[in-house]
Amino acid sequence: MPIINRIAALSDEMAAWRHDFHEHPELLYEVHRTAGIVADRLREFGCDEVTTGIGRTGVVGVIRGRKSTSGKTIGLRADMDALPIEETSGLPYASKTPGLMHACGHDGHTAMLLGAAKYLAETRNFDGTAIVIFQPAEEGGAGGKAMIDDGLMTRWGIQEVYGMHNMPGVPEGHFAITPGPILASADSVEITVRGKGGHGGAGPHKAVDSVLIGAQIVNGLQSIVARNVDPLKSAVISICEFHAGTAFNIIPETALLRGTVRTLDPEVRNLVERRIGEVADGIARALGGSAETKYTRMYPVTMNHEREAAVAADVARDIVGPERVNERVVPLMGGEDFAFMLEERPGAFILLGMGDGKECHHPAYQFNDAILGHGASYWVRLVEKTMPAG
C-alpha cells in the first residue's frame, strides 16, 4: 500500500508547518512556541485529549479509534528541539534565531506526526487508542526520560511505543531498521589531571607536567577499544576537549579532558567506564600526578524489541514495498533518548531515508520535504495495522 492519498494531499500543509518550525528553532526544554503550536493544532484536529507540560514542555495528544474493544494503546513519538548551531543552508525559511538551527530534522519529525494526527483524528479507522507524543530536549537534555518521570507511560496506559528519525545517506523514502541495538549508548567523560606547575623553559624537571600526563591519557584510552573490547563488539572513546595552561612558557598545574563514549552493549558499557578510570589513574600516577575521572551515563543503547521491530518493518513494506526496507541495518554509533522509552515499554525505532545531503548536525543540513508523506503514512498505517478496526 503506497503513501495514503489523504496524507499526500496534506504534503503542502505539513511542509508549511515544518518551515515555520524551522524558522523558529528552540533549544532543549525551551520549546514553548513549538509546543504551543503543536497543542493548538491537536485541539483543532479534534483530539480527544491534549495535555501540555509533560516533561516540562512536552505535549501529549489522545486519539481514540471508532472501537475500543481491543483495549490496546500505542504511543508515537516525535522530538521538537533544535541545536546550538549557526545555520548556513541559505534556505528562504532559514533560522531567524542566531546560533540556533533545526540541524537534525526534528522540525520534520514534528510535522510528520502532526499530519498523521490530523488524519487519525479525521478517520479513526482503528480499534484502540493512539497517543501522539511530542518531546522536548532530545539533544542532550533527556526529555524522553523527563516525560517518563512525569508519568507518560502509566498515565495514558501506553503498551507499545514507536519512534522514527530521518537519515541522510539512506535513499529517499527507504526505511531501515533492525531488532536489537540500532543506536549506541551516549555517555560523557571528564578527566581532571593534577600535576605541579613550573617554568616550562628554566625548570621543567621541577614540575609535574599535566599536559604531558593528559596527552598520554588521550593515547592510553585508545588501548581500551583496541585491547579490552571484544573485536566483534563496538565501542568509541573520543576525547574532544583538552584545556590546559595560561602562557606559552608555564607548565600548568592542571589539565581538563572531556569526551564522549559510545557502546552497543550494556556489558561493554560497564567495561569501558571502569577501564577509563583505571587507565587515567594509572598513567597519571606513573608520571607523578593524579587523575580524577567523572563518567556520566546519558542515553542508554537504543534497543529495538524483536516483535515490534518486525511489526514496524512490515508496516514500512506496506508503504514503500519490500525492496525499499532494510530489516537488518548495521547499528549506528549515534545516540538517541528514545532509548529511555524502549526501556519502559516494548517498541521500535525506525530510520527514514532522506537521500543525499549533509549529515545531521551540519550547519548546512536540509530536511527533505519529499519524505513527509512517507513518515506520516508510516505512522497512520502503524496505528491501523496494530489496532485493526475489523
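The values are calculated or read from the model by the stated rules, or taken from the named source; none is laboratory data. Model, not experiment: these values are computed from the prediction. In this analysis, Cβ positions are derived from the backbone assuming ideal geometry, glycine residues included, and neighbour counts consider all displayed protein chains. Ligands, DNA and RNA are excluded from the accessible area calculation, which covers all protein heavy atoms including side chains. Shrake-Rupley method; radii C 1.70, N 1.55, O 1.52, S 1.80 Å.
Of the residues examined, Ala215 is not one that is more than 27 Å from the chain's Cα centre (by Cα), among the hydrophobic types (A, V, I, L, M, F, W, C) and exposed (fewer than 15 other Cβ atoms within 10 Å of the Cβ). Within segment 267-315, track down each residue that is part of a strand (DSSP E or B) and over 30 Å from His374 (Cα atoms). Passing the criteria: Ser290, Ala291, Glu292, Thr293, Lys294, Tyr295, Thr296, Arg297, Met298. Residue count for segment 56-90 satisfying the condition of being surrounded by fewer than 16 Cβ atoms within 10 Å (Cβ to Cβ) and closer than 24 Å to Leu382 by Cα: 5.
Criterion applied to Gly53, Gly157, Gly99 was being open to solvent by less than 30 Å² (accessible area, probe 1.4 Å) and not hydroxyl-bearing (Ser, Thr, Tyr), and the one residue passing it is Gly99.
Kindly check whether there is at least one residue in segment 162-173 that is surrounded by fewer than 15 Cβ atoms within 10 Å (Cβ to Cβ) and at positive phi. Looking through segment 162-173, at least one residue is surrounded by fewer than 15 Cβ atoms within 10 Å (Cβ to Cβ) and at positive phi. Here Thr69, Thr73, Thr52 are screened, and the one residue that is under 23 Å from Ala130 (Cα atoms) and touching a helix residue (DSSP H, G or I) at 6+ places or on another chain (Cβ under 8 Å) is Thr52. Which residues, counting only those in segment 34-48, are open to solvent by 40 Å² or more (accessible area, probe 1.4 Å) and either touching a helix residue (DSSP H, G or I) at 6+ places or on another chain (Cβ under 9 Å) or under 19 Å from Phe367 (Cα atoms) (or both)? Correct list: Arg41, Glu44, Asp48.
Would you call Tyr93 in contact (Cβ under 8 Å) with a residue 24 or more places away in the chain, surrounded by fewer than 24 Cβ atoms within 10 Å (Cβ to Cβ) and under 20 Å from Lys358 (Cα atoms)? It is true that Tyr93 is in contact (Cβ under 8 Å) with a residue 24 or more places away in the chain, surrounded by fewer than 24 Cβ atoms within 10 Å (Cβ to Cβ) and under 20 Å from Lys358 (Cα atoms).
Would it be correct to say that Ile131 is of a type in the set (A, V, I, L, M, F, W, C), at pLDDT 95 or above and farther than 20 Å from Leu27 by Cα?
Values: of a type in the set (A, V, I, L, M, F, W, C): yes; at pLDDT 95 or above: yes; farther than 20 Å from Leu27 by Cα: yes.
So Ile131 passes the test.
Among all residues of segment 143-154, there is none that is farther than 17 Å from Arg345 by Cβ and not small (Gly, Ala, Ser). Report yes if some residue within segment 359-368 is closer than 30 Å to Leu91 by Cβ and open to solvent by less than 10 Å² (accessible area, probe 1.4 Å); otherwise report no. Yes; the residues of segment 359-368 include at least one that is closer than 30 Å to Leu91 by Cβ and open to solvent by less than 10 Å² (accessible area, probe 1.4 Å). In the set Ala8, Ala15, only one residue is open to solvent by less than 70 Å² (accessible area, probe 1.4 Å), of a type outside the set (Asp, Glu) and at pLDDT below 95; that residue is Ala8. Applying a threshold of 8 Å to beta carbon distances and a minimum spacing of six or more residues, or different chains, the list of pairs starting in segment 178-197 at a residue that is on the phi > 0 side of the Ramachandran plot and surrounded by fewer than 22 Cβ atoms within 10 Å (Cβ to Cβ) and ending at one that is among the hydrophobic types (A, V, I, L, M, F, W, C) and part of a strand (DSSP E or B) reads Gly180/Met303. Residues in segment 218-235 that are touching a residue at least 40 places away in the same chain (Cβ under 8 Å) and more than 27 Å from the chain's Cα centre (by Cα): Gly220, Ser223, Asn228. Scanning segment 284-340 for residues being of a type in the set (Lys, Arg) and open to solvent by less than 20 Å² (accessible area, probe 1.4 Å) gives a total of 0. Is at least one residue of segment 171-184 over 29 Å from the mean Cα position of the chain (by Cα) and at pLDDT 95 or above? No, segment 171-184 contains no residue that is over 29 Å from the mean Cα position of the chain (by Cα) and at pLDDT 95 or above. Taking the condition touching a residue at least 60 places away in the same chain (Cβ under 8 Å) and open to solvent by less than 20 Å² (accessible area, probe 1.4 Å), does Val261 pass? So Val261 fits the description; yes.
Pairing each residue of segment 134-157 that is on the phi > 0 side of the Ramachandran plot with any residue that is assigned to a helix (DSSP H, G or I) and among the β-branched types (Val, Ile, Thr), provided the two are 6+ apart or on different chains, yields no C-beta distance under 7 Å.
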